[in-house]
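Input: a single structure, listed below in structure tokens.
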Amino acid sequence: MKTFSYLSDLTQAEVLRLVELAKQLEASPDPGALAGKVLGLLFMNPSLRTLSSFQSAMARLGGDTFVISPGHGTWSLEWNDDARMDGAHAEHYREAIPVLGSYSDALGIRMFASGTNLEADLADTQFKKARAVCTVPVINMESAIDHPCQALADWKTLDDLEISSSGKFVLSWANHPKALPLAVPAATLKMAVHRGMDVTILRPNAYALPRSIMDHAQSLANSSGGKVSETDSVGDAMSGCDVLYAKSWGSSTFYGDAQMEEKNRASLAEWCVENSWFSDAARECKLMHCLPVRRDVVVASDVLDSPRSVVLPQAKNRMFAQMAVLHSMLSN
Amino acid sequence: MKTFSYLSDLTQAEVLRLVELAKQLEASPDPGALAGKVLGLLFMNPSLRTLSSFQSAMARLGGDTFVISPGHGTWSLEWNDDARMDGAHAEHYREAIPVLGSYSDALGIRMFASGTNLEADLADTQFKKARAVCTVPVINMESAIDHPCQALADWKTLDDLEISSSGKFVLSWANHPKALPLAVPAATLKMAVHRGMDVTILRPNAYALPRSIMDHAQSLANSSGGKVSETDSVGDAMSGCDVLYAKSWGSSTFYGDAQMEEKNRASLAEWCVENSWFSDAARECKLMHCLPVRRDVVVASDVLDSPRSVVLPQAKNRMFAQMAVLHSMLSN
Amino acid sequence: MKTFSYLSDLTQAEVLRLVELAKQLEASPDPGALAGKVLGLLFMNPSLRTLSSFQSAMARLGGDTFVISPGHGTWSLEWNDDARMDGAHAEHYREAIPVLGSYSDALGIRMFASGTNLEADLADTQFKKARAVCTVPVINMESAIDHPCQALADWKTLDDLEISSSGKFVLSWANHPKALPLAVPAATLKMAVHRGMDVTILRPNAYALPRSIMDHAQSLANSSGGKVSETDSVGDAMSGCDVLYAKSWGSSTFYGDAQMEEKNRASLAEWCVENSWFSDAARECKLMHCLPVRRDVVVASDVLDSPRSVVLPQAKNRMFAQMAVLHSMLSN
């Protein structure tokens, strides 16, 4: 594997092989597999799970890591290709990325959306610029428009739970104090349809996902036999639902306009996942969320603390999913 | 060992076995003992010795670590169990702690006192909340009311120096620019009486330790044959003293009232350990401090730079003490 | 090797052995050489290459590292030997350095120039104070007046490029938004003359290097057969040049006077390395820079992106140079 940028770049068979490897490594680690190998981790944005699960994954395979976090012990980077660098940014990504790559066997990069330029964020322009100047394999640790490590962990979680690959999967928008990136909803939607599931996106009208994401999901559905639909009705969406995946995201209608977005969101506080949402769902319906989750804003505490919630095994699977990616990419 | 939360939870025989193991690992490390094991380190508060000594301890036993420091590359955590999370804190400890634990074989947690709620700090409420949601063994890297790694290192230091287990141990308050937590004085007092020593707490009246700490110390003394007393007289305390342990702490009388505490402390600048304090002490009387120490405020520079001071071997013993804890907890 | 403080403390033969070892480790790492060894890394100033290349170097030799960065998870340190510590700094270097050393087999220290006291910076007073209280070997990760790891990497880069040891080496000042330390220009000048090269320092008159640096360079030239001269003429300097090493530094004339320095620099914006500078240079003339480099302020983007630029292999050599230093210092 030369890069791990987007899960949807892999065929379903390739994803299934990674999930299988993740399960094997969960059951029986391979502690010498990456001896002498070094994974560089560049965090342009903060992290809890991604940092710790990658460091632990690498350690459990016998390898090592280093971490660079501009703003936390490292100066800030310039990402504008045309900048005359007389401002605050001390180093250009066109030097920083290849240099970090040259000390690494693979480089993980986290780089969130701009939140202001929808077109550039949808095209994942910045992550692709970084990837283009790196001479070692790149791992996407969440870019503007995707989060493939989360998606792979989620796929494994669905398999672990023995949820049918043709089951009903609801991706629901939820309230949040601020407009969040589209990376996780896009990754989640694509993962579920790629797995062949019957996916419903539940969201207020102003929070419809951009056309290009929907089109990509539809093309994956065409291959996998999955389905994609949208609704703003909790009742319609939740009826017969096997898995509810909650996640907030910013409105594309008001993209980059924090004030208008906030004004619109003010009336949407009831979009917090409650136990009542599950009344017409399948009896065993699960609640997923990528974390961090804001309790009693995005999901009610009593749902998170109930047996429905699989957010902790889901998070734990980040480590095994990443061990599979690293093993495929770097073992001899 | 399923947890290392409080040294006083261990019997004297168990502590002695840990000290013995620390000495063995100092003389001859066991570099493969923790191969493939990962220690997670969660720092809610800053650190120098604890971070570096745990990372080095784990490395010398063949294991690995990761570090999460909210505010330094990771968002801030919510600790209020009833919070509706629409504010600054992005993730609840009820998710963060078990997730970090799921990537770890043991999790170290540093979480200082609130400094405002004396009752909750004495009960170590927050640390115990964190521990309760963690599914792997927890190591207390300094909580509101204890610092068992420091206490174990200090016990070994006393043994290394061949200071009699029935010798006279003075724990002295000292001046400081601000009110500090009770964790180290409580841990130090309990460690010394647990070891069987004759302990005098030397402090101005407004700095008497809370009743619950004194009672706990007395019950340990009853088992060990040690003694506990208090005085505000330097002369009385230091007479025949074998070890002076200097440490500042905040007044329980003015707990959480920084202004009143500061006003009261204004007249206590002479509570800086000077060479003159040792005139009636045992000739070989040692000076201990857990570090960091403010020179010429808490302890005079010439005392710190004299042969009496054992603050550096004391700090070095952090590494060996923690190697013993990790070895007991995690080796096969 | 008991310390790696200044490359000029080594004989030319000793440097050549280190370069040879770096080349060997590049061709064939020695992954068990430092098993069980721990390198402490103390960063008083930010870093990108130094942090990641030392961590990767140590990992590739089988050893481990820890990182302490005051201000990023660790409190600030007091460096004044006479301070009464009632201010912002919680710990004195006279405790912090030996403690960190006691957890380490060697300690790397980064500590930039004060930028205000030229005499103290030229004497490297602060780094030498730190080194004096450390009981394990110290590695200079850039001090006020030297950067020997960079210099060793640069020497290897010149060898890798088969640039004659008697070739013409131009060290050129360049514009920058602020006054930078003298460490890299001093290290670069000394490295090039130590290697035996014909070195020209190209700089505006207010940016002449201090007498003590020039004298040191001349004495190295006397031993090596190298030469040292200065000019403010780009044409004179670049004529027949084999390597142009660009680097900005602050004026010694206006040392510590940011306003006067800035005023003087305002007219020097043309001191940005352009393709036109190379018209009379050797056809294969290379561009070196230690990075980070400000594009289109210090060096024009099209020079950095041209085949002349060797800034990336130069940065990569940091890792191999440091592997050689660590191997010489710590392997059994």
Of the conditions (1) out of contact with any Leu (no Cβ under 9 Å at 6 or more places or on another chain); (2) more than 18 Å from C:His147 (Cβ to Cβ); (3) not aliphatic (A, V, I, L, M), C:Pro181 fails just one. Which one is it? (2)
Those residues of the stretch A:310-330 which are touching a residue at least 60 places away in the same chain (Cβ under 8 Å), surrounded by fewer than 24 Cβ atoms within 10 Å (Cβ to Cβ) and within 11 Å of chain B (Cβ to nearest Cβ), in sequence order: A:Pro313
Criterion (buried (at least 23 other Cβ atoms within 10 Å of the Cβ) and either assigned by TED's automatic domain parsing to the domain that holds C:Trp249 or over 21 Å from C:Phe127 (Cβ atoms) (or both)) met by exactly one of C:Leu34, C:Leu25: C:Leu34
Taking only the stretch C:26-71 into account, find how many residues are within 28 Å of C:Val293 (Cα to Cα) and either β-branched (Val, Ile, Thr) or modelled with pLDDT under 95 (or both). 5
Would you point out the residue of the stretch B:76-103, among those that are at the interface with chain A (Cβ under 7 Å from one of its Cβ atoms) and in contact (Cβ under 8 Å) with a residue 60 or more places away in the chain, that is farthest from C:Lys37 (Cα to Cα)? B:Leu100
Going by the structure shown, is A:Gly73 without any contact (Cβ under 8 Å) to a residue 40 or more places away in the chain, within 14 Å of another protein chain (Cβ to nearest Cβ) and over 22 Å from C:Ser248 (Cβ atoms)? yes
Helices (runs of 4 or more DSSP H) wholly in the stretch A:81-180 with at least 2 residues that are over 26 Å from A:Phe54 (Cα atoms) - which ones? A:118-123
Restricting attention to the stretch A:80-92, does a residue exist that is under 23 Å from the mean Cα position of the chain (by Cα) and not polar (S, T, N, Q)? no
Working only within the stretch B:67-89, note down all residues that are buried (at least 21 other Cβ atoms within 10 Å of the Cβ) and out of contact with any helix residue (DSSP H, G or I) (no Cβ under 9 Å at 6 or more places or on another chain). B:Met85
For C:Thr50, which of the numbered conditions (1) facing another protein chain (nearest Cβ under 9 Å); (2) farther than 30 Å from B:Val299 by Cβ; (3) of a type in the set (S, T, N, Q) fails to hold? (1)
All-but-one check, C:Leu209 against (1) surrounded by fewer than 22 Cβ atoms within 10 Å (Cβ to Cβ); (2) in the same structural domain as C:Gly250 (by TED's automatic domain parsing); (3) under 30 Å from C:Gly101 (Cβ atoms), failing number (3)
Would the stretch A:276-287 turn up any residue that is within 30 Å of B:Asp81 (Cβ to Cβ), touching a helix residue (DSSP H, G or I) at 6+ places or on another chain (Cβ under 7 Å) and within 14 Å of another protein chain (Cβ to nearest Cβ)? yes
How do the pairs read when you match residues in the stretch B:257-278 that are assigned by TED's automatic domain parsing to the domain that holds B:Pro204 with residues anywhere that are among the aromatic types (Phe, Trp, Tyr) and in a loop (DSSP other than H, G, I, E, B), using Cβ under 6 Å and keeping only pairs 6 or more apart or on different chains? B:Met260/B:Phe254; B:Glu261/B:Phe254
Does C:Gly40 satisfy the condition of being within 14 Å of chain B (Cβ to nearest Cβ), out of contact with any Lys or Arg (no Cβ under 8 Å at 6 or more places or on another chain), in contact (Cβ under 8 Å) with a residue 40 or more places away in the chain and not polar (S, T, N, Q)? yes
Checked the stretch A:1-54 for anything of a type in the set (Val, Ile, Thr) and assigned to a loop (DSSP other than H, G, I, E, B); matches are A:Thr3, A:Thr11
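So that you can scan it fast, the table gives a plain yes or no per residue for (1) outside the structural domain of A:Ser267 (by TED's automatic domain parsing); (2) out of contact with any helix residue (DSSP H, G or I) (no Cβ under 6 Å at 6 or more places or on another chain); (3) surrounded by fewer than 24 Cβ atoms within 10 Å (Cβ to Cβ):
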site: A:Lys128; (1), (2), (3): yes, yes, yes
site: A:Ala153; (1), (2), (3): yes, no, no
site: A:Ser166; (1), (2), (3): no, yes, yes
site: A:Leu171; (1), (2), (3): no, no, no
site: A:Leu189; (1), (2), (3): no, no, no
site: A:Met197; (1), (2), (3): no, yes, no
site: A:Asn205; (1), (2), (3): no, yes, yes
site: A:Gly225; (1), (2), (3): no, yes, yes
Only one of (1) in contact (Cβ under 8 Å) with a residue 24 or more places away in the chain; (2) under 23 Å from the mean Cα position of the chain (by Cα) is not met by C:Thr11, so which one is it? (1)
Expected single match for farther than 30 Å from C:Leu39 by Cα, within 14 Å of chain A (Cβ to nearest Cβ) and among the hydroxyl-bearing types (Ser, Thr, Tyr) among C:Ser233, C:Ser306, C:Ser267, C:Ser229 is C:Ser306
Counted residues, the stretch B:53-70 - those being within 11 Å of chain A (Cβ to nearest Cβ) and in contact (Cβ under 8 Å) with a residue 60 or more places away in the chain: 2
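The values are calculated or read from the model by the stated rules, or taken from the named source; none is laboratory data. Just so it is clear, the model here is predicted, and its values are computed rather than measured. A quick note on method: Cβ atoms are made from the backbone with ideal geometry, for glycine too, and the neighbour counts reach across all protein chains shown.
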